[in-house]
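Readers should treat all values here as calculations from the given coordinates under stated rules, not as data from a laboratory. As the structure is a computational prediction, the values presented were derived from the model and not from experiment. Backbone-built Cβ (ideal geometry, glycine too); neighbour counts: all protein chains shown.
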Amino acid sequence: MENGVPEAASFPEAEADYQRQLFENQESGQLHFQFPADSLSAGGVMSPVTTGDTVGRREEEQRRESTVQKKMNDRSVFSRSQRAYLNRLERGEYSTYAGGLLFTALLERYSYLPILKRIVAVGTCEGYSLEELCLTLLYVDLFGFRSMEDFKRGYAEEFGILIGRLFSPSHFTLRRFLHRVREMGISEELTEEFACEYLKQGLAGWGVMYIDGHFLPYYGLYAISKGWHGVRKIPMKGSYHFLAVDERFVPWIFLIRSSEEDLLEKIPELIEKAKTIGKRAGLSEKQLQNLVVVFDREG
């Protein structure tokens, strides 16, 4: 008894007002991320447990978890620079561009890197793999860098986290990589491969196709033909960008051609290209014929 109140007495209203810590039941100290080196099993998925009793299943799960944990802690399959990168992530790293990591799941779902690896036959360029260079170009556009020269103002160490490296490639490396890709002459083949994937994944719809063309001015030093700039109302060096979008205005076919060509010549080519891509994507002959084409007054 103390102050007339038994020691064992409980006061629910007092317990409700008790100030608790958010992580009071968790262990304190350094927390660690786990990075698996291999898949959970040889087949890539967890195999079912054949034991019928609950105890057997529990023991099997504990044994599997122990095996997976050992694989997670084994970093011998990583290179020296990759291990340094993983150590940075474990410690926690500040990056101005960390929001770009949110796109990782989308890039995996829509086969961004597998498509590039099938078409672009470039192994490495100045120490960077094809995947790392293509991811860099994607994030360069995503974060609003207007040109390769503008990429100089980026933070290489913080940008490198997005591609799994300590530092991002310089704008000189990106330029040399793009020159190698340009020499291969695979730009239209690459856009067709992405268009086919868009139809398969449902990113682009079939049935209605809007076609339009836009003039892209060129400010470089090479002598190329001039075209008419529709906004500035003057002739300028440049090329035409012909594109087709679906009824939700999702672009899925692109052509970049000389300014000497016009939209009227490109409409039949874009229709034929769309049907070819649709056939590759698995559309039936009846679906291929059910296509409504809408184009600009220029055509």
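Worth pointing out:
- Taken along the Cα-to-beta-carbon direction at a fixed 7 Å, the label points for ARG80 and PHE249 span 5.3 nm.
- Judged by the ratio a/c of the largest to the smallest principal axis of the C-alpha gyration tensor, segment 98-184 counts as oblate, that ratio being 1.5 or greater while a/b is no larger than b/c.
- Between the beta carbons of MET148 and LYS279, assuming R0 = 35 Å, the FRET efficiency works out to 0.40 to the nearest 0.05.
- Annotation note: GluC sites (Glu not before Pro) in segment 76-145 located in DSSP loop regions with a Cβ neighbour count of at most 14 within 10 Å are GLU93, GLU126.
- Shape of segment 187-295, Cα gyration tensor, a/c cut at 1.5: prolate
- Taking each of LYS117/LYS286; LYS152/LYS200; LYS117/LYS279; LYS226/LYS275 in turn, the alpha-carbon distance tops 30 angstrom for LYS117/LYS286; LYS152/LYS200; LYS226/LYS275.
- In a fully extended conformation the segment linking ARG63 and LYS200 would gain 45.3 nm over its present Cα-Cα distance, using 0.36 nm per residue.
- The residues HIS179, HIS229, when put in order of fewest to most other Cβ atoms within 10 Å, stand as HIS179, HIS229.
- The listed peptides 282-294, 258-270, 189-201, ordered by packing as a protection proxy, come out as 189-201, 258-270, 282-294 (highest mean of other Cβ atoms within 10 Å first).
- Highest-first packing order for the peptide set 147-154, 215-222 is 147-154, 215-222, based on the mean count of other beta carbon atoms within 10 Å.
- For HIS229, the amide hydrogen comes within under 5 Å of the amide hydrogens of ILE234, MET236, counting only partners 5 or more places away or on other chains and with H modelled in the peptide plane.
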